Amino acid sequence: MDCGLVIRGTEESDWEILKEIRLAALLDAPTAFGVTHSAAMANTELQWRDRAAHRGAGRFTLAMRNGVAVGIVGRVLHSPTESNLIAMWVTPAERGTPVARRLVDAVKSEAIAQNYARIILEVAPTNIRAASFYQKQGFAFLPEWEPLASHTQIMLQKMEWVRPDS
């Protein structure tokens, strides 16, 4: 099912693709992300271009199938040895395919290449599909909680993936 699937980092020229898939994610799962759809809609073209070009803290990776974005993941440097996995989303038609795993694998590869000791993420444990997926990818829950920035009534639990050679 990987036919025509390409996993690649964004470039400035991808700003419209990044904007489109990020907004689709925020509409599809409004309580899964730290930003709201309306806040993201308010971003300027320059802000989207900066994100796509990696000018700033975030780095975005797209899953493209036959030239169409079908998934996204982001990462932000949390400390010199730790990366945060953010903005993970796959289109409904691609759920259950290798797309999500390939996106997480790209983040893991980046962590290894950059010599990060671990990757952390935050997920609502009630989001059973996502939590189970991350566990299958080698992430483990930590006893650390914090409210979701966009919906403070939702508590997120941290998960971590530790490099095998750490």
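Rule-based calculations on the coordinates, nothing more; no lab input. From a predicted model like this one, the values you see are computed outputs, not experimental measurements. Quick reminder, even Gly has a Cβ in these numbers, built from the backbone with ideal geometry, and neighbours come from all protein chains shown.
By a straight-distance test (C-alpha under 15 Å), which aspartates and glutamates pair with Lys19 as possible cross-link partners, with residues fewer than eight away in the same chain excluded?
Those aspartates and glutamates meeting the cut-off are Glu11, Asp28, Glu45, Asp50.
Calculate the radius of gyration of the Cα atoms of region 1-110 to one decimal place, then report Dmax, the largest Cα-Cα distance, as a whole number, both in Å.
Taking only Cα atoms of region 1-110, I get Rg and Dmax of 13.2, 36 Å.
What spacing in nm lies between the two simple spin-label points modelled at Val76 and Ala93, each 7 Å away from Cα in the Cβ direction?
Roughly 3.1 nm, to one decimal.
When the Cα centres of region 102-149 and region 1-77 are compared, how far apart do they sit, in Å?
Measuring centre to centre over Cα atoms gives 18 Å.
What are the aspartates and glutamates whose alpha-carbon lies under 16 Å from the alpha-carbon of Lys136, with same-chain residues fewer than 8 places away excluded?
Of all the aspartates and glutamates, those that pass the test against Lys136 - Cα under 16 Å, at least 8 places apart if same chain - are Asp105, Glu122, Glu160.
Quick one: order Leu27, Leu148, Leu103 by neighbouring beta-carbon count within 10 Å, fewest to most.
By the 10 Å Cβ count, ascending: Leu27, Leu148, Leu103.
Take the Cβ-Cβ distance between Asp2 and Arg129 as r, set R0 to 22 Å, and report the resulting FRET efficiency rounded to the nearest 0.05.
0.55
Whole-Hz Karplus ³J(HN,Hα) for region 36-48, in order, using 6.51 cos²θ - 1.76 cosθ + 1.60 and θ = phi - 60°, x for Gly and Pro?
Per residue, the Karplus-derived 3J(HN,Hα) values read 8, 4, 5, 5, 5, 4, 6, 5, 7, 4, 4, 4, 5 Hz.
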